[in-house]
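The structure appears right after this line, and notes come after that.
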Amino acid sequence: MPEHKIQSSNDILTINLYPVKKDLYKIKTEWNPKSFLISFKLETDEEILLKKTYKAIEKSYSDYVIANILETRYDKVLIINKMSKYDILKNENEFIEENLIQKICELHEIYISDNRD
């Protein structure tokens, strides 16, 4: 830790960022295998998005991935798993999150009913 605050008179500030290990898979493999796991994927190219989304499902053991393109993130979101793909679109005078939350709740209900002991 620095002893004093950074002075605003400094001309240039540099921040070093380091990638972190992705341990999301531990949720389903170690901590709580019955959990309903949703992860997120944002890209700028739809072809890359779909490839990375399916790869993320495999690597993280996500039940669904909420995927979107940066440019259209407020208007269209995909909810994807190994067997299905849902397009969530923004309705007029609404935020897309309202439709997204409704669909996630529906999928969660199905997940619960399919995974009861």
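Condition check ((1) of a type in the set (A, V, I, L, M); (2) in contact (Cβ under 8 Å) with a residue 12 or more places away in the chain; (3) outside any helix (DSSP H, G or I)) across all residues:
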{"site": "Ala56", "(1), (2), (3)": "yes, yes, no"}
{"site": "Ala67", "(1), (2), (3)": "yes, yes, yes"}
{"site": "Asp87", "(1), (2), (3)": "no, no, yes"}
{"site": "Glu109", "(1), (2), (3)": "no, no, no"}
**OP:** Looking only at the range 39-54, count how many residues are surrounded by 16 or more Cβ atoms within 10 Å (Cβ to Cβ) and either in a loop (DSSP other than H, G, I, E, B) or of a type in the set (A, V, I, L, M, F, W, C) (or both).
**Re:** 2
Original post:
Would a scan of the range 2-24 turn up a residue that is under 24 Å from Ser113 (Cα atoms) and either out of contact with any Lys or Arg (no Cβ under 9 Å at 6 or more places or on another chain) or of a type in the set (D, E, K, R) (or both)?
Top reply: no
**OP:** Mind counting the residues in the range 61-78 that are under 25 Å from Pro33 (Cβ atoms) and modelled with pLDDT under 90?
**Re:** 0
Subject >> Every residue from the range 6-48 that is closer than 30 Å to Asp75 by Cβ, touching a helix residue (DSSP H, G or I) at 6+ places or on another chain (Cβ under 6 Å) and of a type in the set (Phe, Trp, Tyr) >> reply: Phe36
**OP:** State all residues of the range 23-38 that are in a loop (DSSP other than H, G, I, E, B) and within 16 Å of the chain's Cα centre (by Cα); if no residue qualifies, say none.
**Re:** Asp23, Leu24, Tyr25, Ser35, Phe36, Leu37
Original post:
Counting just the residues of the range 87-112 that are modelled with pLDDT under 85 and either β-branched (Val, Ile, Thr) or surrounded by 17 or more Cβ atoms within 10 Å (Cβ to Cβ) (or both), which one comes out nearest to Leu42 (Cα to Cα)?
Top reply: Ile88
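The values are calculated or read from the model by the stated rules, or taken from the named source; none is laboratory data. None of these values were measured; they are calculated from a predicted model. Using ideal geometry, Cβ is built from the backbone for each residue, glycine included, and neighbour counts are taken over all protein chains shown.
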